[in-house]
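Q: Got a structure for you, questions after.
Taken together, the values in this text are just the output of simple stated rules run on the coordinates, not laboratory data. All values derive from a computational prediction rather than experimental measurement. Backbone-built Cβ (ideal geometry, glycine too); neighbour counts: all protein chains shown.
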Amino acid sequence: MVLFFAIPNLYMLFISFMQVGGYGGIVYHFTLANYGLLFHWVEFKVIADSLLFSFLVTIFCLVVGYPFAYIIATSSPKRKIVLLFLVIVPFWTSSLIRTFAMMFLIATDGFINSVLLSLHLIHQPLNMLYTMGATYVGQFYSMLPYMILPLYASLQGIMDHPEYMEAAKDLGAGAAKTFWKVVAPLSIPGIATGSLLVFIPTLGTFFIPLLMGGGGVVLVGNFIENQFLAADNWPFGAAASAVVIVITLLLIGLSSRYMNNAFLEEER
Amino acid sequence: MQRCIKIMRVEKAWQPLSLAANNPMSPCMRLGFRRLVRADAIYFGTLFTPTKDSFEAGTKDDARHKETTQERAFGGQERGSGVSAKVMIGLHHVAKHFASAQAIRDFSMEIYQGEFVTLLGASGSGKTTILRMIAGFESVSTGHIIIDGVDMTQMPANQRPVNSVFQNYALFPHLNVFDNVAFGLRIKKVPEQTIRTRVYDALAMVGLEKFASRRIRQLSGGQQQRVAIVRALINEPKVLLLDEPLSALDLKLRKEMQLELKRLHRELGITFLYVTHDQEEAMSLSDRIGVLAQGELLQYASPEELYSSPSSPAVAGFIGETNLLTGSIVDVTKGYTIVQTPYFLTKTPMRADHVLGAPVVLSVRPEALHLGAFGDQALCRGVVTERIFGGSLVHLWIRVAPDLTLHCVSHGVNQTYALGEEVDVQWDPNHSLAFCQTDKPPSSTLPGIAGVLGSNGSDGP
């Protein structure tokens with residue numbers, strides 16, 4: 001833990017306060033300039049864009065994942081196993097390979113375009129790959145299971161105690177009110193966990209924007225990667241990473257308040 | 001009422017308490033004064049020590065105060081324990097089939113308005129299923145459920161005029177006490193201002209008005225229980241359904257809550273349908289008890305009737321303790337039936353189904369047994385094998401024969417016998433009952449039967 005986690009991170013924090021050499025490399029001289037640079041318009045926009053991107057991907061995952069998790073939790077035991085299996089199956093393949101598979105699907109000469117062309121539904125291939133939309137779809141697709149699983153666990157906990165829903169019905173609530181006033185609030189820990197599990201990796205993602213978005217989409221993950229590998233400006237990249245880590249920690253702190261209120265667990 | 005209290009605080013603040021308490025006042029004024037007593041006791045310390053009188057006056061006022069707040073909280077529904085002749089719940093030939101088995105078969109019963117009825121049975125007897133069918137959580141396979149004259153068989157749970165108190169309370173953990181109690185009123189879109197007064201008045205009824213903003217997990221079991229009851233009652237249900245609500249509480253709290261439930265029932269006049277496996281609880285709470293076994297209603301009568309004339313050995317065994325002896329009818333004469341048991345002849349009040357030669361089960365309550373030296377009058381003679389001192393009652397087990405041990409309860413300490421002492425046994429024939437043995441032998445799983453019937457005579461308590 002110390003060796004592989006603390007030391008690299010502390011070193012990174014350390015070099016984020018150092019100066020960059022004229023031809024790359026690190027000059028061990030304290031400065032805050034790296035952080036100052038982040039507030040320039042272009043760099044700031046990258047971070048803002050990334051936050052918006054992660055936020056929207058999280059919302060999409062929540063909107064699609066919640067009904068799915070609800071269906072799983074309310075299914076019969078047999079169907080539950082099949083559905084959970086379908087959610088977990090993508091984990092068996094590297095997400096990089098899955099991203100390549102998606103590129104193949106939506107490429108200009110890819111599967112979807114060829115099918116649509118051969119059906120004469122379109123006369124020109126659709127331009128889907130290397131767009132912002134493709135980046136959203138790719139990230140959404142690779143993150144969805146991380147949203148569904150905690151949501152499912154949370155909803156299953158509620159379904160295991162049907163007396164809460166029965167109490168709501170007993171007090172006059174119909175199906176919709178029972179959901180919004182009892183089931184949804186009780187599933188907040190699942191929503192918080194799932195959102196965190198989607199938001200944080202999305203904020204740091206770099207290969208999906210790179211592969212699906214082409215060079216046109218630059219998020220903070222790509223930016224950091226570029227600073228380290230292409231521009232050879234380690235201190236600047238380290239500063240950007242530090243900012244991302246701080247944002248992440250803030251979010252974890254915020255959402256852990258809701259996760260700690262694991263309503264159902266404390267009952268028994 | 002608020003205004004009244006303010007006036008009291010200004011005008012009467014200086015008056016010595018015992019004097020003021022004896023003044024004739026309107027209930028409202030008295031209530032105001034009662035509040036003042038509490039406040040002054042803090043401010044003036046020992047200067048005006050409240051006398052015993054003033055506190056008693058206060059207690060009476062409290063009762064009156066509760067009445068008025070109840071009327072506000074529960075919309076002034078008709079009060080009093082008067083059980084009217086109006087049928088509130090009618091179950092007509094209700095049956096319930098589950099995928100694997102039949103839980104309830106041809107179940108019919110009627111509950112009058114304002115009654116406190118208990119369904120009593122061992123676990124798996126179907127009592128909870130019946131409650132859940134009335135609440136609407138469980139569908140009815142055949143038959144009809146009528147609530148207040150309306151057929152509710154197909155009505156969804158949220159549209160039935162009943163409310164439930166769940167076994168584990170099912171209080172919403174994400175809401176505080178106030179919001180839990182207000183839940184039903186908010187669904188009904190009652191104005192928020194009205195909700196406020198009604199929730200606080202309702203909480204005051206069970207002494208929890210100071211806990212309104214507490215989280216559920218910060219309450220004790222007994223407090224949660226009270227919140228659960230108030231949450232149901234505030235909706236002014238026609239029937240309150242209670243599913244073993246006290247089973248999670250310890251004995252002392254359970255007794256306390258029993259009294260509380262009885263009080264609420266008496267004061268609100270709402271029909272209560274209660275489910276329990278605890279016969280003592282059923283006896284102490286109910287106007288009528290329905291005894292269930294295997295999805296069938298064995299007997300439905302008042303506690304007194306169930307105790308004094310149970311319809312079957314199973315009911316006799318379930319309601320209180322009893323000694324069961326097997327025998328056969330050897331004579332029927334002058335209102336009495338003579339029963340030959342393996343060890344003695346005895347007589348018992350004649351029942352309609354008594355025919356000569358029929359095998360019977362004789363039931364004698366432990367408290368009907370007399371011990372002493374009766375000589376020729378004795379029914380049998382035995383040895384004291386076990387003795388339990390239970391405060392006002394003494395339990396004795398007397399072995400009459402290797403396969404027959406009688407359980408005897410006697411009041412008073414003067415009539416005690418030492419272990420191993422020989423003693424004569426006798427009972428008033430009128431306090432025994434003989435059931436003709438039908439094809440259904442009494443189930444030995446029922447409490448109270450085991451240890452007396454048949455060969456397991458050496459069993460202790």
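Q: Using a 10 Å cut-off on Cβ to Cβ distances, tally the other chain neighbours for every residue of A:153-165 and report the average as a whole number. If you can, show how the numbers build up before the last one.
A: On the way: counts 0, 0, 0, 0, 0, 0, 0, 0, 3, 2, 9, 6, 3.
Rounded to a whole number, the mean comes out at 2.
Q: Given a Förster distance of 30 Å, report the FRET efficiency between residue B:250 and residue A:159 from their Cβ-Cβ distance, rounded to the nearest 0.05.
A: FRET efficiency, residue B:250 to residue A:159: 0.45.
Q: If R₀ is 22 angstrom, what is the calculated FRET efficiency for the pair residue B:421 and residue B:345, using the beta carbon separation as r and rounding to 0.05?
A: Values: r = 25 Å, r/R0 = 1.14.
After rounding, the FRET efficiency stands at 0.30.
Q: To the nearest 10 degrees, how steep is helix A:188-204 against the longest Cα principal axis of chain A, on a 0 to 90 scale?
A: 20 degrees
Q: Tally Lys/Arg at +1 and Asp/Glu at -1 over every other residue whose Cβ is under 10 Å from the Cβ of residue B:383; what's the total? Don't skip to the answer; put the middle values down first.
A: Working: positive: B:381, B:399; negative: B:421, B:422.
Charge balance in the 10 Å sphere: 0.
Q: What is the sum of charges around residue A:225, taking Lys and Arg as +1, Asp and Glu as -1, for the other residues whose C-beta is under 15 Å from the C-beta of residue A:225? Present the calculation step by step, with values, prior to reporting the outcome.
A: Details: positive: none; negative: A:43, A:232.
So the environment of residue A:225 carries a net charge of -2.
Q: Averaged across B:133-143, how many Cβ atoms of other chains sit within 10 Å of each residue's Cβ atom? Can you show the working numbers first?
A: Values: counts 0, 0, 3, 3, 6, 0, 0, 0, 0, 0, 0.
Counting other chains' Cβ atoms within 10 Å and averaging over B:133-143 gives 1.
Q: Once fully extended, how much extra length lies between residue B:373 and residue B:189, figured as 0.36 nm per residue of separation less the alpha-carbon to alpha-carbon distance? Don't skip to the end; give the middle numbers.
A: Details: separation 184, 0.36 × 184 = 66.24 nm, distance 7.35 nm.
58.9 nm is the gain from fully extending residue B:373 to residue B:189.
Q: Can you list residues from other chains, or at least 5 along the same chain, whose modelled amide H is less than 5 Å from the amide H of residue B:437?
A: B:360, B:361
Q: Return the subset of B:188/B:238; A:78/B:127; B:96/B:238; A:169/B:238 for which the Cα-Cα distance in this structure is over 19 Å, preserving the input order. List each step's numbers first, then the result.
A: Values: B:188/B:238 16 Å; A:78/B:127 31 Å; B:96/B:238 24 Å; A:169/B:238 16 Å.
Listed pairs above 19 Å: A:78/B:127; B:96/B:238.
Q: For chain A, find the longest principal axis of its Cα atoms and tell me its angle to the long axis of helix A:41-73, 0 to 90°, nearest 10.
A: 20 degrees
Q: Cα centroid distance between the stretch B:95-109 and the stretch B:159-205, in Å?
A: First find each Cα centre; the distance between them is then 33 Å.
Q: Another question, if that's okay. Any idea how far apart residue B:336 and residue A:207 come out in nm if each label point goes 7 Å out from Cα toward Cβ?
A: 9.9 nm
Q: In peptide B:176-187, what is the residue-averaged number of other protein chain Cβ atoms found within 10 Å of each Cβ?
A: Numbers: counts 0, 0, 0, 1, 2, 1, 1, 9, 6, 2, 5, 9.
Per residue, the average neighbour count from other chains is 3.
Q: Are there any GluC sites (Glu not before Pro) in the stretch B:347-435 that are in a DSSP loop and have at most 15 other Cβ atoms within 10 Å? List them by number.
A: Sites meeting the loop and neighbour criteria: B:421.
Q: For residue B:309 and residue B:141, what is the calculated FRET efficiency with R₀ set at 30 Å and r taken between the beta-carbons, to the nearest 0.05? It would help to have the intermediate numbers written out before the result.
A: Numbers: r = 33 Å, r/R0 = 1.10.
So, using R0 = 30 Å, E works out to roughly 0.35.
Q: While we're on this one: Quick one: angle between helix A:234-260 and the longest Cα principal axis of chain A, in degrees between 0 and 90, rounded to 10, please.
A: Compared with the principal axis, the helix lies near 20 degrees.
Q: OK, next. Which distance in nm do the two modelled labels at residue B:296 and residue B:352 give, with both placed 7 Å along the Cα-to-Cβ direction?
A: Placing both labels 7 Å beyond Cα along the Cβ direction yields 1.8 nm.
Q: Need the C-alpha centroid separation for the stretch B:360-418 versus the stretch B:239-279, integer Å.
A: 34 Å
Q: Add +1 for every Lys or Arg and -1 for every Asp or Glu among the other residues with Cβ under 12 Å from the Cβ of residue B:362, and state the total.
A: Charge balance near residue B:362 sits at +3.
Q: Sort B:393-406, A:30-43 by packing, meaning the average of other beta carbons within 10 Å per residue, with the highest value first.
A: Those peptides, ordered most packed to least, come out B:393-406, A:30-43.
Q: At 0.36 nm per residue, and after removing the present C-alpha to C-alpha distance, how many nm does the segment from residue B:168 to residue B:86 gain when stretched out fully? Please list the in-between numbers first.
A: Details: separation 82, 0.36 × 82 = 29.52 nm, distance 3.17 nm.
Length gained, residue B:168 through residue B:86: 26.4 nm.
Q: Hey, fewest Cβ within 10 Å first, where do A:160, B:424 land in order? Please report the intermediate quantities before stating the final value.
A: Values: A:160 9, B:424 18.
Placing the least packed residue first, the sequence is A:160, B:424.
Q: For the residue pair residue B:154 and residue A:97, what label-to-label distance in nm results when each label sits 7 Å from Cα along the Cα-to-beta-carbon direction?
A: 5.6 nm
Q: Per DSSP helix of 4 or more residues, -39500 (n - 2.57); summed, then divided by the residues of chain A. What does that give at 222 nm, rounded to the nearest 500? Don't skip to the end; give the middle numbers.
A: Working: 13 runs with 177 residues, N = 268.
Per the formula, -21000 deg cm²/dmol.
Q: List the trypsin sites (Lys or Arg not before Pro) within the stretch B:99-198 that DSSP assigns to loop and that have no more than 16 neighbouring Cβ atoms inside 10 Å.
A: Working: sites: B:105, B:127, B:132, B:186, B:188, B:189, B:196, B:198; in loops: B:188, B:189.
Those that pass, being in a loop and sparsely packed, are B:188, B:189.
Q: Using alpha carbons only, how many angstrom separate the centre of the stretch A:77-102 from the centre of the stretch B:304-351?
A: Computed from Cα coordinates, the inter-centre distance equals 71 Å.
Q: Additional query: Working out 0.36 nm times the residue gap between residue B:411 and residue B:213, then minus their Cα-Cα distance, what length gain in nm do you get to one decimal?
A: Values: separation 198, 0.36 × 198 = 71.28 nm, distance 4.94 nm.
This chain segment gains 66.3 nm when fully extended.
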